[in-house]
Amino acid sequence: MAIRPPQEWVRLYDAYTHEHLDRRKFIDRMVQVTGGSAAATAAVAVLENNYAKAAIVSPDDPRLAIERVTFDGATGEVSGYLARPADASELLPGIVVIHENRGLNPHIEDVTRRAALAGFVALAPDFLSPLGGTPADEDEARNLIRELDGARTVADSAAAVRFLADHEATTGRIGVTGFCWGGALTNRTAVAVPELGAAVAWYGGQPSAEDAAEIQAPLMLHYAELDERINAGIPAYEAALEAAGVPYTLHMYEGTNHAFHNDTNEARYDQEAAELAWSRTIDFFEQHLVE
């Protein structure tokens, strides 16, 4: 059974991973709230991702054809992880899978394989490519994410959509989905790529009302009830989408935290919500991308 840590721990971890609280201060505060160094160490182990649990779909699954690819980004080459059904006899729609603020790690590669098993050509770009690629250390990856140029990153995401649309295995109908940092980038990609077939953003930051009015693709938005930081932007986003006539579906998952889909994170993962949201995501893409 998954361990459900106190919400105070989760909020501290969120501040550490998303709000520039450095690791030393994070550990010091964890010591205070848990009552000691040993307890804090055990708590942090629960809060952090464990990529040994990442392979829900094996990287060697014979049902899939998997390769490392590169494509031209905004100002340079971007690398990516591409997965597709090995026995496909016809062209398939594509999905760009956008990683969290830890870069292209084993968990996101696994999510990409899941999308491929659902019948899509799935591409997970490494948006840290301009800075040398995703490092093994996730703290370093988070720091590098903060150094990325926002406009260039959106342009790299748009380039990923174009690369997949032009790929020999796809129909040219492309969707985008992303988690956390990638959820925000999914929203921004929908702004930047009017021809996008569909977009599914998971607990992602919202674009401005002016930018939201530019979206043409249908949206699905997954949010976690306890994610106060991200949820604060929902009312303005909904108002902007409704004013612009953008078709969207919003789901709020009761009792869940930010990153509830990440099954490598024992503290946040919610199996019921994750499986429901994933099935809704695949159904949404099938509705809008499959001809």
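Return yes when Ala165 is at pLDDT 95 or above, within 15 Å of the chain's Cα centre (by Cα) and closer than 18 Å to Val193 by Cα and no when it is not.
Working: at pLDDT 95 or above: yes; within 15 Å of the chain's Cα centre (by Cα): no; closer than 18 Å to Val193 by Cα: yes.
No; evaluated as a whole, the condition is false for this residue.
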Any chance you could count how many residues in segment 60-114 are buried (at least 16 other Cβ atoms within 10 Å of the Cβ), of a type in the set (S, T, N, Q) and under 12 Å from Ala169 (Cβ atoms)?
0
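Show me the strands (runs of 3 or more DSSP E) found entirely inside segment 193-291 where at least 3 residues are crowded, with 19+ Cβ neighbours inside 10 Å.
Numbers: elements: 198-202, 219-224, 248-253.
Per the criteria, 198-202, 219-224.
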Those helices (runs of 4 or more DSSP H) lying entirely in segment 93-186 with at least 1 residues of a type in the set (Ser, Thr, Tyr) and either assigned by TED's automatic domain parsing to the domain that holds Thr75 or closer than 23 Å to Ile56 by Cβ (or both):
106-117, 150-165
Taking segment 137-147, which residues are closer than 21 Å to Val69 by Cβ and either among the charged types (D, E, K, R) or surrounded by fewer than 16 Cβ atoms within 10 Å (Cβ to Cβ) (or both)?
none
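The values are calculated or read from the model by the stated rules, or taken from the named source; none is laboratory data. Predicted model, so just to flag it, every value in this text is computed and none were measured. Ideal geometry is used to build each Cβ from the backbone, glycine not excepted, and the neighbour counts take in all protein chains shown.
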